[in-house]
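K.L.:
Here you go, one structure.
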Amino acid sequence: MRRVLFVPQMPKIKTRKAAIKRLRRTRRGKITSAKSWAGPYRRRKSRRARRAKNREHVLPTGQRRQAERLLATN
């Protein structure tokens, strides 16, 4: 009679596809995203505000932890 050992495996963590589309990891491991409220009505915003909205910004610590869970395997 042959004995088969059952080795429990850790459950896989799936990456949230919506998070991949919105967040990006830098080479140093920081997570960046686009600034909010950058959509329509850009002409009424100041030039400085428009330029600031074009750049990506680094997520703060609380949001970074949340984002790392969403980007688990990426």
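The values are calculated or read from the model by the stated rules, or taken from the named source; none is laboratory data. Just so it is clear, the structure is predicted and the values come from calculations on it, not from any experiment. Note: ideal-geometry Cβ built from the backbone for every residue, glycine included; neighbour counts use all protein chains shown.
K.L.:
Collect the residues in segment 1-28 that are more than 12 Å from Leu71 (Cα to Cα), exposed (fewer than 10 other Cβ atoms within 10 Å of the Cβ) and modelled with pLDDT of 90 or more, keeping them in residue-number order.
P.N.:
Correct list: Arg27, Arg28.
K.L.:
Pull up segment 39-67, narrow it to residues that are part of a loop (DSSP other than H, G, I, E, B) and within 23 Å of the chain's Cα centre (by Cα), then point me to the one that is nearest to Arg25 (Cα to Cα).
P.N.:
Checking each candidate, the answer is Leu59.
K.L.:
Return the total of residues in segment 13-36 being in a loop (DSSP other than H, G, I, E, B) and without any contact (Cβ under 8 Å) to a residue 60 or more places away in the chain.
P.N.:
The number of residues fulfilling the criteria is 10.
K.L.:
For segment 55-74, how many residues are surrounded by fewer than 11 Cβ atoms within 10 Å (Cβ to Cβ) and either of a type outside the set (D, E, K, R) or touching a Leu at 6+ places or on another chain (Cβ under 9 Å) (or both)?
P.N.:
4
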